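Visitor: Could you have a look at this structure, given as structure tokens, before my questions?
Just so you know, all these numbers are worked out from the coordinates, no wet-lab data involved. None of the values given here were measured: they were computed from a predicted structure. No Cβ is skipped: glycine too gets one built from the backbone with ideal geometry, and neighbour counts run over all protein chains shown.
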Amino acid sequence: MRPTIPLIIVLMLFSCASRADESLDAIKQEIQELKRRVLTLEEANRQLKQKIEVERLVVKKELIVSDTGQPWEKGYELHQIPRGIYARSLWDGPGGLWVRSRLIKGEIDDPFDDRFHALERDGTLRRTPGHISWNVWIDGAWRQMAIIQGEGIELSELPFAQWNGGSHPGRIRFQTYRPEHNEPMTDALIGQGMMSLGGGGYGGGGLPYPREVLQLWGGSLSQISLPTPTAPVVLKQDSSGVHHYALIAVGAQGKRSLRSSTTKATGLASLRWDSVPGADAYIVVRDGREITGAIRMEGSNKLWTDKGAK
């Protein structure tokens, strides 16, 4: 029986070696599988940095769209000028949305609108739900210069008990800040088919609500005729022949000014002229004949080039 013992030992050693090889192969396979998973996760992470598609995005505190990763433009943190888009909730102070540069909106086959919704904390009606203001940075804060405000009419005009889904009347109030006054003054009230115009109303009062279609307060109505433009200035000209240029200003209602004095050029010319108060467009006159229709151009200085016969 003794020869049998070494044989058993050899078989046992062979079996242990085989099991060790199998365990090593299994470990290698697990490592390879782990590497594949890591590579997959790295690729998914790379794609998430470039694009993410979700059915619902919930942001509980802040949303920052910025090429620098910072919400505010460097050097303008105090002014809260955003680098791109910055939105925050009410988690530790006032929430809001800050947008840098232009806010462009569009819609197809459906009129779009901006709405200002506001309630008092107890859920009751707030008669002034929102406004738009133009501001300037002075004395360490943004200060309002001009305001357009929507508001509900006075409850003395329509008691709250009569406000309902078919009756919720309002007005638009225009306000500006005047020199030496730290509260806005109401310049115009429009609504209910009536309008009040005038100066006054510190803090929102003072200018009476209109009782007629149009009411003027604190002055008289003055109509100013459209001024005659000055002669255009010749910037460049060719040598095709002498021409005389003049201008006619046209108001928004189509009324024309008198023709300006003329400017002489040695040929077809490039002209410049200054804006005329109250003018909406201009007509160029060459050699006593109108050669353009109503030209509308932005800016205080107008530039126009004569391309030839018309």
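Visitor: Under the rule a/c < 1.5 gives rounded, and otherwise a/b versus b/c splits prolate from oblate, where does the range 46-172 land using the Cα gyration tensor? Working shown, then result.
Guide: Working: a/c = 2.20, a/b = 1.59, b/c = 1.39.
Verdict is prolate for the range 46-172.
Visitor: Can you list residues whose amide H is under 5 Å from TRP72's amide H, if they're 5+ apart or on another chain and H is modeled 1.01 Å from N?
Guide: Those lying under 5 Å, H to H, from TRP72 are ARG83.
Visitor: Taking N as the number of residues in the range 181-310, what value does Rg over Cα atoms divided by 2.2 N^0.38 Å take?
Guide: Working: Rg = 21.4 Å, N = 130, 2.2 N^0.38 = 14.0 Å.
Compactness ratio reported: 1.53.
Visitor: While we're here: To test your reading of the geometry: what angle, between 0 and 90 degrees and rounded to tens, separates the Cα axis of helix 4-50 from the longest principal axis of the chain?
Guide: The angle comes out at about 0 degrees.
Visitor: Still on this structure: Under 4 °C and 1.567 mPa s, how fast does the chain diffuse according to Stokes-Einstein, given a Kirkwood radius computed over C-alpha pairs? Answer in µm²/s, whole number.
Guide: 45 µm²/s
Visitor: Right, next: Rounded, prolate or oblate, given the Cα gyration tensor of the range 95-150, with a/c below 1.5 counting as rounded?
Guide: Note, shape of the range 95-150 comes out oblate.
Visitor: Would you kindly give the portion of the calculated P(r) for the range 233-305 that falls above 21 Å, as a percent of all Cα pairs? Don't jump to the answer; show the numbers that get you there.
Guide: Working: 537 of 2628 pairs.
Every Cα pair in the range 233-305 considered, those over 21 Å come to 20 percent.
Visitor: Rounded to the nearest 20 debye, what is the charge dipole size of the chain about its Cα centre when +1 sits on each Lys and Arg Cβ and -1 on each Asp and Glu Cβ?
Guide: Dipole of the chain, to the nearest 20 debye: 880 debye.
Visitor: Would you work out which of GLY96, PRO232, GLY150 lies farthest towards the positive end of the dipole of the chain, given +1 charges on the beta-carbon of Lys and Arg and -1 on that of Asp and Glu, about the Cα centre?
Guide: Towards the positive end, the residue furthest out is PRO232.
Visitor: How big is the dipole moment of the range 233-305 about its Cα centre under a simple scheme where the beta carbon of each Lys and Arg is +1, that of each Asp and Glu is -1, and everything else is neutral? Debye, nearest 20, please.
Guide: The calculated dipole for the range 233-305 is roughly 120 debye.
Visitor: Can you sort MET185, MET194 by how many other beta carbons sit within 10 Å, fewest first?
Guide: MET194, MET185
Visitor: Do you know the relative contact order of the chain, to the nearest whole percent, from alpha carbon pairs under 8 angstrom that are 6+ apart?
Guide: 7 percent
Visitor: Can you work out the PRE-style zone for VAL233? Point 7 Å along Cα to Cβ, and I want the residues of the range 273-310 with backbone N under 11 Å.
Guide: 273-274, 301-302
Visitor: Nearest-5 percent of antiparallel DSSP beta bridges in the chain? Spell out each step's value before the answer.
Guide: On the way: 60 of 63 bridges.
So the antiparallel bridges amount to about 95 percent of the total.
Visitor: Considering the dipole of the range 114-178 built from charges on the beta carbon (Lys and Arg +1, Asp and Glu -1) around the Cα centre, which of SER133, PHE116, GLY166 is farthest to its positive end?
Guide: Of the options given, the answer is SER133.
Visitor: Right, here's the next one. Arrange TRP163, TRP137 by Cβ neighbour counts within 10 Å, fewest through most, would you?
Guide: TRP137, TRP163
Visitor: Find which of PRO179, VAL242, GLY219 sits farthest along the positive direction of the dipole of the chain, computed with +1 on the beta-carbon of Lys and Arg, -1 on that of Asp and Glu, about the Cα centre.
Guide: VAL242
Visitor: How would you rank ILE190, ILE132, going from fewest to most other Cβ atoms within 10 Å of each one's own Cβ?
Guide: Fewest to most other Cβ atoms nearby, the residues stand as ILE132, ILE190.
Visitor: Residue-wise, which Karplus ³J(HN,Hα) couplings in Hz belong to the range 96-102, taking 6.51 cos²θ - 1.76 cosθ + 1.60, θ = phi - 60°, and x for glycine or proline?
Guide: x, 10, 10, 10, 8, 6, 7
Visitor: Stretched out fully, how many nm does the piece from ARG46 to LYS28 gain, at 0.36 nm a residue minus the Cα gap? Spell out each step's value before the answer.
Guide: Details: separation 18, 0.36 × 18 = 6.48 nm, distance 2.69 nm.
My answer for the length gained is 3.8 nm.
Visitor: Non-local amide H neighbours of LEU235 (under 5 Å, H modeled in plane, Pro and chain starts lacking H): which ones?
Guide: SER270, LEU271, ARG272
Visitor: Compute the label zone of ARG102 within the range 263-306: residues whose backbone N is under 17 Å from the point 7 Å along Cα-to-Cβ.
Guide: Within reach of a label on ARG102: 298-299.
Visitor: Turning to a different aspect of this structure: Please give, to one decimal in nm, the separation of the simple spin-label points placed at SER270 and SER220, each 7 Å out from Cα toward the Cβ.
Guide: Distance between label points: 4.9 nm.
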